[in-house]
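The values are calculated or read from the model by the stated rules, or taken from the named source; none is laboratory data. Being a predicted model, the structure only gives us computed values, none of them experimental. Cβ coordinates were reconstructed from backbone atoms using ideal geometry, including for glycine residues, and neighbour counts include every protein chain displayed. For accessibility, only protein heavy atoms count, side chains too; no ligands or nucleic acids. Shrake-Rupley method; radii C 1.70, N 1.55, O 1.52, S 1.80 Å.
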Amino acid sequence: MLSFPPQKIKQLLTEQGLVTVEQFDQAFEEASRMGQDVGDVLVAKGYITEDYLYSLFSTYLGVERANLSARGIDHNVIALIDEKFARERGVIAFSQDADGTLNVAMSDPTDLPTIEFLEKKLGRKIRPFLAVPDDLSRGFSLYGRTLTEDFKKLIEESVKKSLEQRIGAAEEKEAATQIPIVDLVNNTLSYAASLNASDIHMEMLDEGLLIRFRVDGILHEILRIPKEVHPAIIARIKLLAALKVDEHQKPQDGRFRFQAGPTVLDIRVSIIPTLYGEKIVMRLLPATQRPLSLTELGMLEDTAKIVESNMKKSYGMLLVCGPTGSGKTTTLYAVLNMLNHSEVNIVTVEDPIEYNIKYINQVQINPMAGITFASGLRSILRQDPNIIMVGEIRDEETAEISVNAALTGHLLLSSLHTNDAPTAIPRLIDMKIPPFLVAAVLNVVVAQRLVRKICTDCIESYTPAPEFYHSMETQIKELKLPDVEVPKVLYRGKGCKTCNGTGYRGRMGIYEAFEVGEDIRKIITGPDFSTDLLMMAARKEGMVTMFEDGLRKAALGMTTIEEILRVIRE
């Protein structure tokens, strides 16, 4: 965010009555302690929106906002500034005027040294505009797209060289350090980073090695590589992740850090043996990404308020549910970040630690050293914590210790693998937790999925055909949601260069927050307990289901009905 004098932000916001002096001072103290920008903390607390904050900056500085989603980016102009310099200084050249003046979106339009450097280097006048993070990511993605074909060529050349040198047949450790294989792996990782892929899948088939990237939750085939190169690629990745190169019959897990241009990635590696050879999945996590606020994750105001009210409780359980890859951990980190104050002691036990958060004591699971979720949790309870985060409740022992911790004055956060929020209750009972304890300890359960967002560069509205509404009525009946109405006007992405023709760009969550009140507790401990009764009671109290939350976001032009149905039925 723009480096703006905190006292000036304080003056602007307090004069307009958006925050009190006390609220700002508290946010400033928290920002100083966490090493964050006070603007980020104010946005995370919900005092102001990021858009409004940037509008304030723009007015005060007398500089127009870039708004590149509306203005667009000239592909010839963006190339005038080198990508490395653009990323380092937070600048994007997006258009030029008739007199040759170059219009540049800048994260900090008051950065005079950068403006002077560009004017001297390019020999033209620079007109700065204020850029928000989305403006910069939009520009950086264009840089990445221009490299796509180059990466493919580089990878193909590396494969060709490795085959010529017969690297696939060489000693594994020796092959893993030879230049063609090193280049092949590095270029594959850089290519994935340029596409903002979240995962890389390397699968050995009968006819060769298949490489696929997961982009915005969807797997895309990237290329196929001859099977002769497979052993050397596996060996190279094992070396990077500090795994046993000569072990081929057992699953292995590791991690390493990779620099993809200016972006630093933490890469988690999972290797399992399959019929035709070992399969690798690598998850790519930005090493410097800060935990997001609930609204940045995609929660609408009513859902966020339920979560925030239950976060303020001094004991009990807050669970986040969903399948693998649904964003549960990111939500837990966002909650932790909001709870991270100097007055509380927060300890986590995780597998793995995905983001390092300042002033939170994070424990990594290590079964070989005897550190499991259960044993780690026992040790944590001796550390006098106020708030505990258990990465996942997987077994009866962890569930039992978690419930006992939540009963004895600790706020416990964790995740659980269930399809929806009410199902978390029978899941805990199935783990041998007595119903009266579940009722006593559970504060709120949040269930979620990730959906793709409509590309804002090519969004359009449309009115669906009558057949669509008939189909939706059938779907709604199957989901047992009789009161739900489908929006009359919907939105979609036509497909453009920015979204690579998909109509989607980025992801967000859809949520349901199941708050456990007195009526719900009576059902849990009652003789006629069932998930249907739970759902009826929750709906009576106003719970918005994930499907309904998705419909609301489809009506707002944030995602599509097709996306909602895809993830709800997965």
_I'd like the residue in the stretch 331-346 that is surrounded by fewer than 19 Cβ atoms within 10 Å (Cβ to Cβ) and more than 12 Å from Ile357 (Cβ to Cβ) and, out of all such residues, is nearest to the chain's Cα centre (by Cα)._
His341
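If we only count helices (runs of 4 or more DSSP H) wholly inside the stretch 454-570, which ones have 2 or more residues that are within 23 Å of Ala197 (Cα to Cα) and under 27 Å from the mean Cα position of the chain (by Cα)? Steps first, please.
Details: elements: 466-478, 518-525, 531-540, 546-555, 561-568.
So the answer is 561-568.
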*Residue by residue through the stretch 308-324, note down the ones that are closer than 18 Å to Ala424 by Cα and either out of contact with any Leu (no Cβ under 9 Å at 6 or more places or on another chain) or open to solvent by 40 Å² or more (accessible area, probe 1.4 Å) (or both).*
Pro323, Thr324
*Working only within the stretch 198-208, note down all residues that are modelled with pLDDT of 90 or more and either more than 15 Å from Gly327 (Cβ to Cβ) or touching a Cys at 6+ places or on another chain (Cβ under 8 Å) (or both).*
Ile200, His201, Met202, Glu203, Met204, Leu205
*When only residues in the stretch 426-442 that are touching a residue at least 60 places away in the same chain (Cβ under 8 Å) and open to solvent by 10 Å² or more (accessible area, probe 1.4 Å) count, which is nearest to Ala304 (Cα to Cα)?*
Ala440
*In this structure, does Tyr359 turn out to be within 30 Å of Val215 (Cβ to Cβ) and in contact (Cβ under 8 Å) with a residue 60 or more places away in the chain?*
no
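Per-residue answers, yes or no, for (1) open to solvent by 40 Å² or more (accessible area, probe 1.4 Å); (2) closer than 30 Å to Gly139 by Cβ; (3) of a type in the set (A, V, I, L, M); (4) in a helix (DSSP H, G or I):
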position	(1), (2), (3), (4)
Val19	no, no, yes, no
Glu30	no, no, no, yes
Arg33	yes, no, no, yes
Val41	no, yes, yes, yes
*Can you name the residue in the stretch 499-516 that is open to solvent by less than 20 Å² (accessible area, probe 1.4 Å) and not hydrophobic (A, V, I, L, M, F, W, C) and is also nearest to Leu68 (Cα to Cα) among such residues?*
Gly503
*Would you mind stating whether Arg127 is part of a helix (DSSP H, G or I), surrounded by 14 or more Cβ atoms within 10 Å (Cβ to Cβ) and in contact (Cβ under 8 Å) with a residue 12 or more places away in the chain?*
no
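Residue-wise test of (1) farther than 24 Å from Ser309 by Cα; (2) open to solvent by less than 10 Å² (accessible area, probe 1.4 Å); (3) at pLDDT below 85; (4) assigned to a loop (DSSP other than H, G, I, E, B).
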{"site": "Lys8", "(1), (2), (3), (4)": "yes, no, yes, no"}
{"site": "Thr14", "(1), (2), (3), (4)": "yes, no, no, no"}
{"site": "Asp51", "(1), (2), (3), (4)": "yes, no, yes, no"}
{"site": "Ala93", "(1), (2), (3), (4)": "yes, yes, no, no"}
*Of the numbered conditions (1) in contact with a strand residue (DSSP E or B) (Cβ under 9 Å, 6 or more places away or on another chain); (2) at pLDDT 90 or above, Gly139 satisfies every one except a single condition; which is it?*
(2)
*asked:* Restricting to the stretch 536-547, give me the number of residues that are over 17 Å from Lys305 (Cα atoms) and at pLDDT 90 or above.
replied: 2
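So that you can scan it fast, the table gives a plain yes or no per residue for (1) part of a strand (DSSP E or B); (2) open to solvent by 30 Å² or more (accessible area, probe 1.4 Å); (3) over 13 Å from Leu318 (Cα atoms):
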position	(1), (2), (3)
Ala374	no, no, yes
Leu377	no, no, yes
Ile380	no, no, yes
Met389	yes, no, no
Thr398	no, no, yes
Ser402	no, no, no
Gly409	no, yes, yes
